[in-house]
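K.L.:
Before anything else, here's the structure in question.
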């Protein structure tokens, strides 16, 4: 005779696995949705690097010099000249209609003014509604124009010598993600973001089903009356499934897209486990608090869905308002994303991630403890619970007419807490919560460092221009690039401007002078905004 299994953690886990095999929705939540989402995202990001951004050119000069610029733009990586507009009006129409993302305007008499040393300007217009593609197009066009300028002779045809200082060029160097790879920047963050929502919802469904279609009393009895065994046994199968999903997500990023991993894999694996533990506990906690499946799932969705906006990927945390920073600090995903980018993208030493790892661990332990305490407090009530026999309900006559049906549905929405939360409260709360990180709209005073090895009037004026830029704030003046890179690794700054010795001398001789700008490209918006500010400051000196 087979002996019955002893109640406890393992028996609860076995019960949960049997239920998941029977309940197709639970299986679809835990396995189907993540795999489908991963497949769709893999297809969307099949071209991981931005290419073929449509550009229109307005060449009002039509000279050999302007043709040199047109050819340089046509051969620039990342952009594709899709049309040649006759005037600026047509170019602006192409941008507004979506036929082009950017436009390049070469003014009339550009070649004549260039030979006469009047410094004519080639103007680039781009659609900033699309932050990353627009900034990428602007960067590619600026680089192409600078390269074309370098190939042209700027000697004056005048017999009278005229002193003209040499140009000041900014050589841009992208750190951590030099190819501006979308898979490395966005896909790597989106996959765990999807998984954290599915994790919390799945845990909520597993726990909430005990209060609806299953037996909360049997759940505790299977655990031998131990709340901690009941909770751990219920969530353990889901934890194992989602760990495998995390491995699948990492395989997509590093295997399919061949994105390198630069940091500590053990630390990253531990952080992933803490993330899953935190959201499993969160989903369980909401259900244990309200003990209504629909209401608990609504609360879980409201809490988890806006998390990506507060994680600092789309919009940097340093530019958020106080509420957005506070709310983001409460989200385990925000700390996991910080560890993910520090380790996987930047390849920083593990000690740099100690603080966010400790916060993530505290959130995971705290949420787990709250879920356990709540289950322990309601355990006596659950053990004594007997499902009452439902009294027979007389069939009410169906409402007649459109008005009667409308009133009946409105009454259902108001009286049913689950429906009311999902249809009325959720959109209102979500609509108020999600825009919070983006209320700052623009990135201002991004901290940078300047390594001034020239120590001249020109370098001091350049630093003043950098500080005067709305986008930048010079917060450090390290003695060497090594010190500056260390500050960048600690997230104290987001870019380094290096002014080499002899910069002012080269400009006074009429030669081309160059400064170097090293920008952190882990986050595309920060990268583009910083380089935009540095280029603007350098043009003010040229």
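Read the figures in this text as sums done on the coordinates, not as results from a lab. Fair warning: this is a prediction, and the values are worked out from it, not measured in the lab. Positions of Cβ are backbone-derived with ideal geometry, glycine not excepted, and every protein chain shown enters the neighbour counts.
K.L.:
Using only the alpha-carbon atoms, how far is helix 401-415 inclined from the longest principal axis of the chain? Give it as 0 to 90 degrees, nearest 10.
P.N.:
90
K.L.:
Taking the mean number of other Cβ atoms within 10 Å as a proxy for protection, how do you rank 139-148, 227-236 from highest to lowest?
P.N.:
By packing density, highest mean first, the sequence is 227-236, 139-148.
K.L.:
Can I ask one more? What is segment 50-155's relative contact order, in percent, from Cα pairs under 8 angstrom and six or more apart in sequence?
P.N.:
33
K.L.:
Taking a ≥ b ≥ c as the square roots of the Cα gyration tensor eigenvalues, with a/c under 1.5 meaning rounded and otherwise prolate when a/b beats b/c, else oblate, which class fits segment 38-83?
P.N.:
Here segment 38-83 falls in the prolate category.
K.L.:
Counting alpha carbon pairs within less than 8 Å and at least 6 residues apart, what relative contact order, in whole percent, applies to the chain?
P.N.:
Worked out over the chain, it gives 18 percent.
K.L.:
Mean residue ellipticity at 222 nm from the helices of the chain, using -39,500 (n - 2.57) per DSSP H segment of n ≥ 4 over the full residue count, to the nearest 500 deg cm²/dmol?
P.N.:
The helix contribution divided over the chain gives -17000 deg cm²/dmol.
K.L.:
For segment 50-155, rounded, prolate or oblate, judged on the Cα gyration tensor with a ≥ b ≥ c (square roots of eigenvalues), a/c < 1.5 rounded, else prolate if a/b > b/c?
P.N.:
Cα axes put segment 50-155 in the prolate bin.
K.L.:
Once the Cα atoms of helix 9-22 and of the chain are each reduced to a long axis, what angle between those two axes, in degrees from 0 to 90 to the nearest 10, is obtained?
P.N.:
Taking Cα atoms only, the helix is inclined about 80 degrees.
K.L.:
Assuming 0.36 nm per residue, please report the length gained on full extension of the stretch residue 117 to residue 473 beyond their Cα-Cα distance.
P.N.:
In short, 124.9 nm is gained.
K.L.:
At a 10 angstrom cut-off on C-beta neighbours, averaged per residue, how do the peptides 82-88, 362-368 rank from highest to lowest?
P.N.:
Peptide ranking by packing, descending: 362-368, 82-88.
K.L.:
Using Cα-Cα distances under 8 Å and only pairs 6 or more residues apart, what relative contact order does segment 443-542 have, in percent?
P.N.:
Relative contact order comes out at 34 percent.
K.L.:
If you take every DSSP beta bridge fully contained in the chain, what fraction is antiparallel? Give it as a percent rounded to 5.
P.N.:
25
K.L.:
With labels modelled as points extended 7 Å from the Cα through the Cβ direction, what inter-label distance (nm, one decimal) is found for residue 93 paired with residue 261?
P.N.:
Going by the 7 Å Cα→Cβ label model, 5.3 nm.
K.L.:
Simple spin-label model, 7 Å along Cα-to-Cβ: residue 47 to residue 539 in nm?
P.N.:
Output for this residue pair reads 2.8 nm.
K.L.:
As a test, work out the antiparallel percent of DSSP beta bridges whose residues both lie in segment 50-155, rounded to the nearest 5.
P.N.:
In segment 50-155, approximately 30 percent of DSSP beta bridges are antiparallel ones.
K.L.:
Calculate the spin-label point distance for residue 501 paired with residue 461, positioning each point 7 Å from the Cα along the beta-carbon direction, and give it in nanometres.
P.N.:
2.3
K.L.:
Want the number for residue 329 to residue 254: 0.36 nm per residue separation, take away the alpha-carbon distance, what's left?
P.N.:
24.2 nm
K.L.:
Cα extents of segment 443-542 along the three principal axes, largest first, in whole Å?
P.N.:
That gives 38, 25, 18 Å along the principal axes, largest extent first.
K.L.:
Treating the angle as unsigned and between 0 and 90°, give the value, to the nearest 10°, between the Cα long axis of helix 227-251 and the longest Cα principal axis of the chain.
P.N.:
Its long axis makes an angle of about 30 degrees.
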